[in-house]
Each structure stands twice: as C-alpha cells, then as structure tokens.
1. Scan (1) of a type in the set (A, V, I, L, M); (2) under 20 Å from the mean Cα position of the chain (by Cα); (3) in a helix (DSSP H, G or I) for the single condition residue 127 breaks and write down its number.
2. What about residue 109, is it open to solvent by 70 Å² or more (accessible area, probe 1.4 Å), farther than 29 Å from residue 56 by Cα and in a loop (DSSP other than H, G, I, E, B)?
3. Please specify each residue of the range 151-162 satisfying the condition of being open to solvent by 60 Å² or more (accessible area, probe 1.4 Å) and closer than 15 Å to residue 52 by Cα.
4. Looking at the structure I just gave you, is residue 32 assigned to a loop (DSSP other than H, G, I, E, B), of a type in the set (Lys, Arg), in contact with a Ser or Thr (Cβ under 9 Å, 6 or more places away or on another chain) and within 19 Å of residue 190 (Cα to Cα)?
5. With the condition kept exactly as written, say whether any residue in the range 8-28 is crowded, with 19+ Cβ neighbours inside 10 Å and either free of Cβ contacts under 8 Å to residues at least 24 places away in the same chain or small (Gly, Ala, Ser) (or both).
6. Test of understanding: among 171, 136, which residue is in a helix (DSSP H, G or I), surrounded by 14 or more Cβ atoms within 10 Å (Cβ to Cβ), out of contact with any Cys (no Cβ under 9 Å at 6 or more places or on another chain) and aromatic (Phe, Trp, Tyr)?
7. Exactly one of (1) in contact (Cβ under 8 Å) with a residue 12 or more places away in the chain; (2) open to solvent by 30 Å² or more (accessible area, probe 1.4 Å); (3) under 19 Å from residue 178 (Cα atoms); (4) not hydroxyl-bearing (Ser, Thr, Tyr) is unmet by residue 148. Its number?
8. If the requirement is being aliphatic (A, V, I, L, M), closer than 28 Å to residue 125 by Cβ and more than 17 Å from the chain's Cα centre (by Cα), which of these qualifies: 54, 93, 10, 50?
Amino acid sequence: GLRLGVSLCAPHQCTCGTLVTAVGTHGLSCRRNKGRIARHGSMNDIVHRACVRAGVAAVKEPSGLMRADGKRPDGCTLIPWRSGKCLAWDVTAPDTLAPSYLPETGASAGAAADLAARRKAEKYAGIMQTHLFVPFALESMGPLNTEAHSLVVELGSRLAAVSGDLRETTFLYQRLSVANQRYNAVAIRGCMVQDDGSR
C-alpha cells in the first residue's frame, strides 16, 4: 500500500495530536507508537543471532561498554572481530517518509539511513578507540547505510563458512526485510482508529 500510494485509513488524529492522513505513514515516525521498540529489538536480535550462528560469541547491551551519559551500544562481540578489536553495533530505524528526512530521501535513496548512521557514529565516537563500531541503520522503506551493508555481507560470508550454504547473505537480507515490513505494518496499524473509535 505504501509503495502504491493508496489510502490505508480514514484521516484522523493520532494520540500524539498529529493529523494522520489517508496514506497512514505517520505511524512510522510517531514517538508514541508501540511498534518502535519492538522493531528495534527485532533488528538487534537478527544481528546478534547472526553473530552467534557464525561462531562469534556476542552479547546484547554490554554492561561494561558505556558512553559518558550511561547509554550503551545494542551489542558487542566477546572475541575480536577484526584487527584485534571486538565489534560493537547500535541499531536504529529511521523513517524514510518522515517530514524531517523527506528533503534528503526524496533526492537520494538511503539518505535517512546514512544521516542516522552519522549521528550514531558521533554519539559513540568514544568507544571507537577500542572497538570496531558499526552504526546499523535500516530505513522503513528498506535502505541500509553503507556500514550496515558491509556488516551484513561479512556476517553472511562467516555464516556461509559455518553452514556451507552460499545463500546465507541473501537469507540475512531477507530476514531483515521481512522484519522491517512486519513492523511497518505494526506501526501503521498502531495509529489507526478502529470501528468502535478505539486505537
């Protein structure tokens, strides 16, 4: 529906006070939408499970790796990934269609992912001294940032070496894509008004 530009709902007001148009895309960027946390968790799980399946021990939200403000990355390997450094990553899911990103995403595919990745890299600049940090940004319409693409390809290669299946990279992209589409639907549905007037 989003790709075809069809009406997904009747225009109404979201609980956050914003007018939701018939296209229904507000749910993808609404701060009050319950699907945002679930999307983030699902994407992080996919990266974490891929590391573990590839034979690289990893943990989510490592307790000993924090920024100055107490926030920590979404995951970290427990053994060196490359050049004697462990891999750390942080997932974000910017909305391609958010009004704040439209000037960039309307001109260049993946612009929101690249911008979100740059912001993540700035936030975690401190841990780049000791870790290989990868900002993992997956837009609501599918594009990944450059570093995330490279990580998926490398994870796929490592998975293929373990399983013997050369399609592992394709499967990893598919898992990310299916999860992204699922949570797009959850986000849009979360801002719709039901027939009985409830949300």
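The values are calculated or read from the model by the stated rules, or taken from the named source; none is laboratory data. This structure is a prediction, so every number in the text was calculated from the model and none was measured. Virtual Cβ from ideal backbone geometry, glycine too; neighbours counted across all protein chains shown. What goes into the accessible areas is simple: the full protein's heavy atoms, side chains included, and nothing from ligands, DNA or RNA. Shrake-Rupley method; radii C 1.70, N 1.55, O 1.52, S 1.80 Å.
1. Here residue 127 clears every test but (2).
2. On the way: open to solvent by 70 Å² or more (accessible area, probe 1.4 Å): yes; farther than 29 Å from residue 56 by Cα: yes; in a loop (DSSP other than H, G, I, E, B): yes.
In short, yes.
3. Scanning the range 151-162 gives 157, 158, 161, 162.
4. Yes: the conditions hold for residue 32.
5. Within the range 8-28, one or more residues are crowded, with 19+ Cβ neighbours inside 10 Å and either free of Cβ contacts under 8 Å to residues at least 24 places away in the same chain or small (Gly, Ala, Ser) (or both).
6. After applying the criteria, what remains is 171.
7. The single condition residue 148 does not satisfy is (2).
8. 54
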